[in-house]
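Here's the structure we're looking at; comments come further down.
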Amino acid sequence: MMRQEAMGVLARANLEELRGALGAWPEPPDAESLRGPEAGLIMLRGRAGGGGAPFNLGEATVARATVRLSSGEVGFSCVLGRDLEKARLAALFDALWQREAEVVDMHLLTLVRERLAGQIERTAEETAATRVNFFTMIRGEDE
């Protein structure tokens, strides 16, 4: 579960965060591309009512990549959109996370989590500001 959560955070990182973390890395990791990066489509599936029969909701464009570090760790990524560099860097950090989870968490994942939490908080505040409270008044002659 820890790697799955880390991969989810990497998929939501933006390109600048990934580049910045790679630039801060002590020495650039040596990695070979096993697949991609390449862009394609995936089918999004939904369920009626959250638990009913599955149905095809539509397609989404994704970029994916697979890399292997010289030390043997294999990293994968699949990110929304067509940003091939982002997919390659996310796969690279997935592989690095397998080798040095604490370092990747400290230099990249914590920063991305904080940005995402801030976005969620801002969205909640904006939504709360538009909340409309409905109420019913009882007319005097209805009593």
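The values are calculated or read from the model by the stated rules, or taken from the named source; none is laboratory data. All figures in this text were calculated on a predicted structure; none of them were measured in a lab. Cβ atoms come from the backbone with ideal geometry, glycine included; neighbour counts cover every protein chain shown.
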Check your understanding: Taking interchain pairs and intrachain pairs at least six residues apart, which have beta carbon atoms under 9 angstrom, with the first residue in region 90-107 and within 15 Å of Ala13 (Cβ to Cβ) and the second of a type in the set (S, T, N, Q) and crowded, with 22+ Cβ neighbours inside 10 Å?
Key -> Ala90/Ser77; Ala91/Ser77; Leu92/Ser77; Phe93/Ser77; Asp94/Ser77
Check your understanding: Name the pairs whose Cβ atoms lie under 8 Å apart, with the first residue in region 116-143 and modelled with pLDDT of 70 or more, the second among the aliphatic types (A, V, I, L, M), and 6 or more positions between them or separate chains?
Key -> Leu116/Val9
Point to revise | Filter result for Arg113 (within 30 Å of Glu32 (Cβ to Cβ), surrounded by 17 or more Cβ atoms within 10 Å (Cβ to Cβ) and basic (Lys, Arg)) | key: no
Practice item. Determine whether region 89-96 contains at least one residue that is touching a strand residue (DSSP E or B) at 6+ places or on another chain (Cβ under 8 Å), at pLDDT below 95 and aromatic (Phe, Trp, Tyr). Key: yes
